[in-house]
Amino acid sequence: MHINLLNHNNIEGKGLSVLLGNEGHNVNLIPQQKKRMDGLSSQKTPSIFLINVDFLLETKSNEIFTKLDSQSTVLLFGNLCQLYWLKKFSNSAKGFICKKSTFNDLLDILHDIKPRSVVLDRHSQHFLSQSDIQRQKMLLKKNLAKSLSNAELSVMQEISEGKPTKQIAKEQYLSVHTIYNHRKNIKKKFNPTDTLKLSKFCMLNKEAIKTLVWVNEGNIS
């Protein structure tokens with residue numbers, strides 16, 4: 001199997017390349033350098049793109065998307081809160097594996113991934129099998145009295161982008177009063193002993209909130 005490995009950490013990438021090579025895979029390590037990215041456009045043989053999500057965060061990800069056609073197989077690896085990155089790829093075959101997974105887990109995913117399928121590792125599957133409130137506790141790492149509603153998560157996502165209340169209200173076609181009520185209700189659902197600064201909390205948990213919003217949309221497959 002031919003694997004294009006996109007990794008922002010060259011030491012980690014080289015180690016993973018060796019391990020995959022020992023399993024009989026032909027690995028092309030793409031470090032975080034634009035001149036090496038240009039070589040992707042000339043790829044003609046079927047291959048899997050194994051991409052560290054941190055590589056996407058630190059690179060012009062739009063450039064990567066233009067290098068991949070819809071028939072390419074994409075396997076992302078990152079933290080559970082980065083699961084939402086899957087939605088950015090329209091590829092017919094794609095998957096996600098958490099960084100805390102083992103190398104054998106990775107080999108299993110590589111073996112199982114097939115055209116027109118979404119393959120997830122056991123950690124991602126466990127996360128998705130949980131109730132709304134359990135998923136929110138797992139990613140936000142906070143105790144919650146009640147689960148956050150879709151509307152509240154949507155407001156939190158807007159806050160994480162640094163948008164003020166008036167702008168959020170305008171973009172969501174709601175009154176400023178409604179947004180203030182959402183903010184108040186969000187804070188009530190967290191442990192009352194916490195002094196929660198909502199704006200800072202949302203910005204620090206931006207990726208977790210994006211993943212929770214995406215999961216609630218139900219468009220994973």
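The values are calculated or read from the model by the stated rules, or taken from the named source; none is laboratory data. Small disclaimer: the values here were computed from a predicted structure and weren't measured. When we count neighbours, we look across all protein chains shown, and the Cβ atoms used for this are built from the backbone with ideal geometry, even at glycine.
Listed by position, the helices (runs of 4 or more DSSP H) enclosed by the stretch 135-221 that each have at least 2 residues that are of a type in the set (A, V, I, L, M, F, W, C) and within 19 Å of Trp85 (Cβ to Cβ) are 150-160, 198-204, 206-217. For the stretch 132-150, a tally of residues being surrounded by 15 or more Cβ atoms within 10 Å (Cβ to Cβ), more than 13 Å from Asn216 (Cα to Cα) and either among the aromatic types (Phe, Trp, Tyr) or within 18 Å of the chain's Cα centre (by Cα) (or both) returns 4. Among residues of the stretch 160-173 that are assigned by TED's automatic domain parsing to the domain that holds Asn150 and in contact (Cβ under 8 Å) with a residue 40 or more places away in the chain, those with a beta-carbon under 6 Å from a residue that is crowded, with 18+ Cβ neighbours inside 10 Å and not acidic (Asp, Glu) at least six positions away or on a different chain give the pairs Ser160/Cys202; Ser160/Ile209. Screening Lys206, Lys163 for residues that are surrounded by 15 or more Cβ atoms within 10 Å (Cβ to Cβ) and touching a Ser or Thr at 6+ places or on another chain (Cβ under 9 Å) leaves exactly one candidate, Lys206. Which one of the conditions (1) in contact (Cβ under 8 Å) with a residue 60 or more places away in the chain; (2) over 22 Å from Gly218 (Cα atoms); (3) of a type in the set (Val, Ile, Thr) does Val118 fail to meet, given that it meets all the rest? With respect to (1) in contact (Cβ under 8 Å) with a residue 60 or more places away in the chain; (2) over 22 Å from Gly218 (Cα atoms); (3) of a type in the set (Val, Ile, Thr), Val118 is out only on (2).
Criterion applied to Ser117, Ser124, Ser90 was being within 13 Å of the chain's Cα centre (by Cα), farther than 22 Å from Leu19 by Cα and of a type in the set (S, T, N, Q), and the one residue passing it is Ser124.
Restricted to the stretch 82-119, and to residues there that are among the aromatic types (Phe, Trp, Tyr) and not in a loop (DSSP other than H, G, I, E, B), the residue that is farthest from Val215 (Cα to Cα) is Phe103. Mind listing just one residue for me: the one in the stretch 120-131 that is part of a helix (DSSP H, G or I) and out of contact with any Cys (no Cβ under 8 Å at 6 or more places or on another chain) and, of those, surrounded by the most Cβ atoms within 10 Å (Cβ to Cβ)? Looking at residues that are part of a helix (DSSP H, G or I) and out of contact with any Cys (no Cβ under 8 Å at 6 or more places or on another chain), I get Phe127.
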